[in-house]
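> One structure follows; several queries about it will come next.
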Amino acid sequence: MTSPEPQSPAPQPPEPESKDRVYRSVPAIAGGVLLLAIAGWLGIDAVTSSGGRTPWMALAVLILVVPLVVAFTLRPAVYAGEDRLRIRNPFRLIVLPWGRIASLKSAYSNEVLTESGAKYQLWAVPVSLRARKKAARREMRATAQARRGTGRDEGRGSALGMRAGWGDGLGAGPVSDGPVRAETDRIMDELRGLHEARHRAETAQGEVTVRWAYEVVGPAVAGALLVLILLVVG
């Protein structure tokens with residue numbers, strides 16, 4: 001009597017790949033959609049209700065304007081993965097392995113500096129000085145609120161201190177767990193954290209690649225040439 005053949009273990013399902021974190025500017029997207037709607041409305045009206053060279057000029061302007069609006073509003077995005085940072089700017093796509101990034105800098109614009117000294121701007125994460133000032137005011141209010149609540153708790157003794165245990169002092173309101181940051185500054189903090197955690201990983205090494213967005217540059221150049229020809233022809 002033969003013994004049953006040993007069964008091979010069932011194959012394990014592949015581990016799900018981690019998805020990239022995607023950062024985009026919501027105001028830029030909203031503004032781009034609005035601009036495209038206005039350009040389409042004006043262009044279609046000029047094509048359908050005008051005569052002579054006006055319809056051709058309107059078409060040429062649309063061919064020029066639409067790619068530029070898309071490039072500067074809808075296209076920019078930043079993809080942060082475990083191994084690399086992909087930056088989709090208006091006219092270029094930059095792929096930066098974390099191991100090749102020297103630092104991420106925030107001043108009047110958010111930028112990535114590579115070890116070779118190259119600098120790339122993050123169009124999808126624009127700096128808002130107004131948002132920074134607003135966050136600074138909120139941080140100052142939260143700090144003052146916490147100090148007032150602490151002073152009241154110490155002055156009212158243990159009995160009121162038990163009641164103050166429900167919050168940060170009577171009437172003091174909630175106090176933030178950490179410093180208040182503007183949205184784009186918070187995004188840069190997350191990117192710096194990923195860089196610190198992954199820049200020494202073996203899979204995060206490689207070469208920096210830069211590719212021009214010919215799908216945007218080509219139509220824009222064609223539209224500009226058409227506008228120039230129509231202006232010269234008169």
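The values are calculated or read from the model by the stated rules, or taken from the named source; none is laboratory data. Owing to the predicted nature of the structure, the values given are computational and were not obtained by experimental measurement. Quick reminder, even Gly has a Cβ in these numbers, built from the backbone with ideal geometry, and neighbours come from all protein chains shown. For the accessible areas, the whole protein counts, side chains as well, though only heavy atoms, and no ligand, DNA or RNA atoms are used. Shrake-Rupley method; radii C 1.70, N 1.55, O 1.52, S 1.80 Å.
> Could you tell me which residue of region 106-120 is nearest to residue 200 (Cα to Cα), considering only residues that are buried (at least 16 other Cβ atoms within 10 Å of the Cβ) and modelled with pLDDT of 90 or more?
Within region 106-120, the match that is nearest to residue 200 (Cα to Cα) is 114.
A quick yes/no check of all residues on (1) closer than 29 Å to residue 191 by Cα; (2) modelled with pLDDT of 90 or more; (3) in contact with a Leu (Cβ under 8 Å, 6 or more places away or on another chain):
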position	(1), (2), (3)
20	yes, no, no
25	yes, yes, no
37	no, yes, no
40	no, yes, yes
53	no, no, yes
61	no, yes, no
65	no, yes, no
79	yes, yes, yes
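> Can you list residue pairs whose Cβ atoms sit under 6 Å apart, with the first residue in region 6-33 being among the basic types (Lys, Arg) and the second being modelled with pLDDT of 85 or more and open to solvent by less than 100 Å² (accessible area, probe 1.4 Å)? Count only pairs 6 or more apart in sequence or on different chains.
Filtered contacts from region 6-33: 21/80; 24/77; 24/124.
> For the structure I just gave you, tell me whether residue 187 is modelled with pLDDT of 65 or more, assigned to a helix (DSSP H, G or I) and farther than 20 Å from residue 87 by Cβ.
No, not satisfied.
> Check region 187-204 and report whether any residue there is within 17 Å of residue 112 (Cβ to Cβ), among the hydroxyl-bearing types (Ser, Thr, Tyr) and touching a strand residue (DSSP E or B) at 6+ places or on another chain (Cβ under 9 Å).
Among the residues of region 187-204, not one is within 17 Å of residue 112 (Cβ to Cβ), among the hydroxyl-bearing types (Ser, Thr, Tyr) and touching a strand residue (DSSP E or B) at 6+ places or on another chain (Cβ under 9 Å), which makes the answer no.
> Say we look at region 191-220 and pick out the residues that are assigned to a helix (DSSP H, G or I) and either of a type in the set (S, T, N, Q) or touching a Leu at 6+ places or on another chain (Cβ under 9 Å) (or both); which of these is surrounded by the fewest Cβ atoms within 10 Å (Cβ to Cβ)?
Only one residue fits best here, namely 203.
> Residues of region 20-33 being surrounded by 15 or more Cβ atoms within 10 Å (Cβ to Cβ) and assigned to a helix (DSSP H, G or I), which ones?
28, 29, 31, 32
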